[in-house]
Amino acid sequence: MADQPLRAKPSLLLRAAPFVFVLLWSSSFIAAKIGLRHLSPLAFVAIRLSGCAAVLLVAMLLRGESWAPLRGRRWLDCAIAGTLINGVGLMAPHVGLMLVAPAPIALVQSLTPLLTALLGIPVLGERLRALQWAGMGLGVLGVALVVGLAAAHSTAQLDGLALAGVGVMGLVAGTLWFGRFCRGIPLLPGATAQFLAAAAVSVLAAATLETPRLDWTTGAVAAVAWNTLAVSLGGMALYFVLLRQGTAARVTANFYLVPGTTAIVTWLFLGERLTPLAIAGFVVAGIGCWLVSRPPRPRGREAPADARAAPR
């Protein structure tokens, strides 16, 4: 009973974490839209991930963190998860954004929670209740309302949509890999290993697959700085904290809120029109996300205490 006050504060932080993550991840679309006017896509990602790796290495040194938690195969597991989530998951859609409008990209990315839930059953042994599957369906419907008509009227090319699909598969595969092998690794060493690997892969890709374009305008610097510090470091730190606390399906359900939140943010800061359809989609997706993330009701009076005390 003595440790209950200590649990209250992390609980409040964890409750706020999904909403902060959604805001940060949604803002990355705006920053990328600005940055890609001046930087080539793979170079943009390489600079972003290299900056993250450098900041985390400095943090490791200043805090005197040990690399011991990464001994054995754990370093490789973190490297694989980081390369898939932050490397493949960012490089492919950034290239796709050069070929396709953001609306179809967002529509393809809405497959992330559903694929994670489906693959999480055999890979992680995670099961969804009927109400959570209903939430998944509402999430897909909400995203379709937000971006569906825009995608239907788009002249998007198939290769751009395919690249968005590659990014989704990278994010899903990395999330499942992290959930299977990396949950017990301390956050800072684990994140450092992930970003080092992702940065190395993205630098190699930028050097071999494109002719880098670097036009260092004020907008480009601001876009890189925001996506590096706020989104990749802050947002992904929250993402991994959430993965350590809950199931992969419940965490990725937050992606259903990204298109609607992006529509609101672009309306506020870029003056883009917020349609009634977008508002309706945001509400529907929010209900779906709540259904997926909502914990099951305890059976019996002692269930809540037992559930909190049960080891993960």
The answer for chymotrypsin sites (Phe, Trp or Tyr not before Pro) in the range 29-78 that fall in a DSSP coil and have at most 13 neighbouring Cβ atoms within 10 Å is TRP67
When PHE19, PHE269 are arranged by how many other beta-carbons sit within 10 Å of their Cβ, fewest first, they go PHE269, PHE19
Ordered by fewest other Cβ atoms within 10 Å, a rough proxy for footprinting exposure, ARG71, ARG244 read ARG71, ARG244
Fewest to most Cβ atoms within 10 Å: THR83, THR217, THR266, THR211 sort as THR211, THR217, THR266, THR83
Taking a crude spin-label model, label points 7 Å out from Cα along the C-beta direction, the ARG180 to VAL283 distance in nm is 4.1
Between ILE121 and ALA222, the FRET efficiency computed from the C-beta separation at R0 = 51 Å comes out, to the nearest 0.05, as 0.75
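Quick note: the coordinates plus some simple rules give every number you see, no bench work behind them. Keep in mind the model is a prediction, meaning the values are calculated, not measured. Positions of Cβ are backbone-derived with ideal geometry, glycine not excepted, and every protein chain shown enters the neighbour counts.
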